[in-house]
Amino acid sequence: METEKLDRPIAFSCPECGGALKPGPHTQLKEYSCHIGHRFGAAELLEAQAEGVEKGVNVAIRMLNEQAEFARQMIEGARDAPLDNGLVYWQRLQAQAEEQIEVLQHFSISVLSSVPKPFCPASGSSHNASLVGDERCRVRK
């Protein structure tokens, strides 16, 4: 399967509501806000994006697992049927779903777990932005 190169996004999406984010006033620390008032510092936006990717991968794994189970049930039904009734189709679907789960689990373990923590200029260290007490690291409203 050939993948096309993606165009650069016109704007970033708000992790809370999905609306477009615009850069805030030009200050020393980058800040973004959406049209309904959600605000994010750069570190928090990066963390929210990583969480969104992880959530999306987990949803895909769950759906593929359900698809594999559905195929298993259809295979059992097809075996009891007097005709072929698509047995090969369901076996192929089950195998594909299980292979895709394996790929996504590998991606989740090797890529998502290696995403670096955002750097906080206020503390001079990398950390989970949601645990920071310093408002300069976490500006969400």
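How many of the residues making up segment 60-89 are free of Cβ contacts under 8 Å to residues at least 24 places away in the same chain, part of a helix (DSSP H, G or I) and either of a type outside the set (D, E, K, R) or more than 21 Å from Ala50 (Cβ to Cβ) (or both)?
Looking only at that region, the number is 16.
Would you mention how many residues in segment 7-59 are part of a loop (DSSP other than H, G, I, E, B) and at pLDDT 90 or above?
Result for segment 7-59: 12.
Tell me the residue from Ala50, Ala60, Ala78 that is of a type outside the set (S, T, N, Q) and more than 30 Å from Ser13 (Cβ to Cβ), please.
Testing whether each residue is of a type outside the set (S, T, N, Q) and more than 30 Å from Ser13 (Cβ to Cβ) leaves just Ala78.
Pairs needed: first member in segment 90-102, farther than 9 Å from Ala71 by Cα; second member anywhere, among the β-branched types (Val, Ile, Thr); C-beta distance under 6 Å; at least 6 residues apart or different chains.
These pairs meet every condition: Ile101/Ile61.
Residue check, Glu76 against (1) farther than 21 Å from Ser114 by Cβ; (2) surrounded by 15 or more Cβ atoms within 10 Å (Cβ to Cβ), all met but one. Which one?
Single failed check for Glu76: (2).
The rows are residues; the columns are (1) of a type in the set (D, E, K, R); (2) within 14 Å of the chain's Cα centre (by Cα); (3) over 30 Å from Glu99 (Cα atoms); (4) surrounded by 15 or more Cβ atoms within 10 Å (Cβ to Cβ).
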position: Leu6; (1), (2), (3), (4): no, no, no, no
position: Phe12; (1), (2), (3), (4): no, no, yes, yes
position: Cys17; (1), (2), (3), (4): no, no, yes, no
position: Gly24; (1), (2), (3), (4): no, no, yes, yes
position: His35; (1), (2), (3), (4): no, no, yes, no
position: Leu45; (1), (2), (3), (4): no, yes, yes, yes
position: Glu51; (1), (2), (3), (4): yes, yes, no, no
position: Lys55; (1), (2), (3), (4): yes, yes, no, no
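The values are calculated or read from the model by the stated rules, or taken from the named source; none is laboratory data. Note that the coordinates shown come from a computational prediction; the quantities given were computed from them, not determined experimentally. For neighbour counting, all protein chains shown are included, and Cβ atoms are generated from backbone atoms with ideal geometry for every residue, glycine included.
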